[in-house]
Amino acid sequence: MSIPYFGATTVGIRVSEGVVLASEKRMSYGGFIISRAGKKVFKITDRIGVAFAGLFADMQALARILGTEVKFYELTVGKKMNVRSAAKLLSNILYSQKILPFFSEVLVGGYDSEGSHLFVLDPLGSVIEDDYAAVGSGASIAIGVIESAYKKDLSLADAEKIVISSIEAAMKRDTGSGDGIDIIVISKDKILEKEVEVKK
């Protein structure tokens, strides 16, 4: 049985000030465009966000499950969950479904008492912390743009510009990516959700 092709370009960059997560909006299945308004970036708490590439139903399910589990933890324990714990929680959820896995690659980013964090998870729950990452069918194009521009001392505003440039480059060359960009910018003080229109 072959796995259908799910197009996406989803990227994240971590800097000292915070994290930027973003993805384009196109939903594709095989060679067909299903929607031009798919949301692949989700706010989980006021300091944690997730971004996905993969099967759209799995993205929505994982965002709901993680959001519910994090809120339950915070209500039960009475304190905020840190970013690493949220990533490990999602890792356990993914691994528990390894026989029938979620078709989804995930970026978890946020800001907590230890600073900013970005984690990359595969469909079986492997967790890697990194300064930047790209997943999805356009990842190989986007990562080249990010690597050429990334520096340790980037500002959050510069990181956002690089994220947009990397996704725009992928959208020009990957048929599974396109139709605008959703962005979450997470800093120590706030989380902002933005939408960027891309000229055709």
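The values are calculated or read from the model by the stated rules, or taken from the named source; none is laboratory data. Owing to the predicted nature of the structure, the values given are computational and were not obtained by experimental measurement. As a convention, Cβ positions derive from the backbone with ideal geometry for all residues, glycine included, and neighbour counts pool all protein chains shown. Ligands, DNA and RNA are stripped out before the accessible areas are found, and what is left, the full protein with its side chains, is counted by its heavy atoms. Shrake-Rupley method; radii C 1.70, N 1.55, O 1.52, S 1.80 Å.
In the stretch 137-174, how many are hydroxyl-bearing (Ser, Thr, Tyr) and in contact with a Lys or Arg (Cβ under 9 Å, 6 or more places away or on another chain)?
Qualifying residue count for the region: 0.
So, restricting to strands (runs of 3 or more DSSP E) that lie completely within the stretch 1-82, which ones have at least 2 residues that are without any contact (Cβ under 8 Å) to a residue 40 or more places away in the chain and open to solvent by 80 Å² or more (accessible area, probe 1.4 Å)?
Details: elements: 10-15, 18-24, 27-29, 32-35, 41-43, 48-54.
Per the criteria, 32-35.
Which one is farthest from residue 17 (Cα to Cα) among residues in the stretch 142-185 that are out of contact with any helix residue (DSSP H, G or I) (no Cβ under 7 Å at 6 or more places or on another chain) and crowded, with 22+ Cβ neighbours inside 10 Å?
So the residue we want is 176.
Within the bounds of the stretch 85-104, is there any residue that is assigned to a strand (DSSP E or B), open to solvent by less than 70 Å² (accessible area, probe 1.4 Å), modelled with pLDDT under 95 and in contact with a strand residue (DSSP E or B) (Cβ under 7 Å, 6 or more places away or on another chain)?
The answer is yes, given that some residue of the stretch 85-104 is assigned to a strand (DSSP E or B), open to solvent by less than 70 Å² (accessible area, probe 1.4 Å), modelled with pLDDT under 95 and in contact with a strand residue (DSSP E or B) (Cβ under 7 Å, 6 or more places away or on another chain).
Just give me the residues in the stretch 128-141 being hydrophobic (A, V, I, L, M, F, W, C) and under 17 Å from residue 19 (Cα atoms), in sequence order.
128, 133, 134, 135
Would you list the strands (runs of 3 or more DSSP E) that sit entirely within the stretch 109-181 and hold 1 or more residues that are small (Gly, Ala, Ser) and either under 15 Å from the mean Cα position of the chain (by Cα) or at pLDDT 95 or above (or both)?
115-121, 132-135
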